[in-house]
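Peer 1: The structure is given below, and queries will be raised subsequently.
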Amino acid sequence: MATRSVVAEVREITLAIELIEMGARLQLLETETSLSRDRLVKLYKELKGASPPKGMLPFSTDWFMTWQPNIHSSLFHAIYRFVSTHDPAQPTIQAIVKSYRLYLEHLGLHGDEPVLTLTRAWTLVRYFDSKMLQTTVCTRCGGRFVAHAYDSRPGYICGLCQPPSRAGKTRRAQFPDIARHTTAA
Ligand SMILES: [Zn+2]
């Protein structure tokens with residue numbers, strides 16, 4: 001029994017370290033591990049050399065609807081659907097971590113900066129789980145994009161097919177996976 005709890009604790013600490021190194025906020029760490037707030041703060045300081053930012057996460061579903069965040073969120077969520085379907089038994093947080101690494105890797109290939117932080121990606125998955133968000137299919141490219149739940153948009157065209165004029169050149173070549181990972185639902 002004692003041995004088992006030590007192993008469980010090591011697992012929790014390993015997970016916390018991985019999450020902190022990927023930029024997780026304290027609120028995420030408190031939700032996803034059973035370590036005390038004090039221990040998490042200590043761990044955070046040790047790894048980052050600074051205290052974790054204070055305060056609640058300011059996120060709302062609206063952030064995910066703005067142009068560039070919507071494209072990045074949709075890319076991340078396409079990867080996440082792929083990862084979680086591939087291994088349905090894995091804990092959600094592991095699927096998020098794996099998907100987030102793939103998201104960063106994908107952007108790295110194109111020399112593009114990530115827009116989504118790990119904490120935002122985690123929040124996105126939680127919004128989907130609580131049915132606040134869903135995906136909607138672009139009628140032009142067939143890709144699935146993050147949208148408000150219960151907001152049916154006939155004739156929807158995504159931000160890649162129809163970028164706002166302020167966005168400059170369309171950079172759709174960087175996001176081919178959105179369409180590719182999403183064979184008709
Ligand atoms: Zn489209």
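Peer 1: Can you name the condition, by its number, that Arg171 falls short on among (1) away from the ligand (no atom under 12 Å from the Cβ); (2) more than 13 Å from His72 (Cα to Cα); (3) at pLDDT below 95?
Peer 2: (2)
Peer 1: Still on this structure: Filter the range 120-139 for residues that are without any contact (Cβ under 8 Å) to a residue 24 or more places away in the chain and touching a strand residue (DSSP E or B) at 6+ places or on another chain (Cβ under 7 Å); which is nearest to the ligand (Cβ to nearest atom)?
Peer 2: Among them, the one singled out is Cys138.
Peer 1: Still on this structure: Given the residues Arg37, Arg11, which is the only one that is touching an Asp or Glu at 6+ places or on another chain (Cβ under 8 Å) and free of Cβ contacts under 8 Å to residues at least 12 places away in the same chain?
Peer 2: Every option except Arg37 fails the conditions.
Peer 1: Of the conditions (1) within 19 Å of Arg81 (Cα to Cα); (2) part of a loop (DSSP other than H, G, I, E, B), Gly159 satisfies every one except a single condition; which number is it?
Peer 2: Tallying (1) within 19 Å of Arg81 (Cα to Cα); (2) part of a loop (DSSP other than H, G, I, E, B), Gly159 fails exactly one: (1).
Peer 1: Here's a follow-up. Of all residues in the range 90-101, which are surrounded by fewer than 17 Cβ atoms within 10 Å (Cβ to Cβ) and over 15 Å from Ile20 (Cα atoms)?
Peer 2: Listed by number, the residues that qualify are Gln90, Pro91, Thr92.
Yes/no per residue for (1) surrounded by 12 or more Cβ atoms within 10 Å (Cβ to Cβ); (2) in contact with a Leu (Cβ under 6 Å, 6 or more places away or on another chain); (3) outside any helix (DSSP H, G or I):
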| site | (1), (2), (3) |
| --- | --- |
| Lys42 | yes, no, no |
| Pro52 | yes, yes, yes |
| Pro69 | yes, no, no |
| Ser73 | yes, yes, no |
| Ser84 | yes, no, no |
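The values are calculated or read from the model by the stated rules, or taken from the named source; none is laboratory data. Remember, predicted model here, so these are calculated numbers, not experimental data. Quick reminder, even Gly has a Cβ in these numbers, built from the backbone with ideal geometry, and neighbours come from all protein chains shown.
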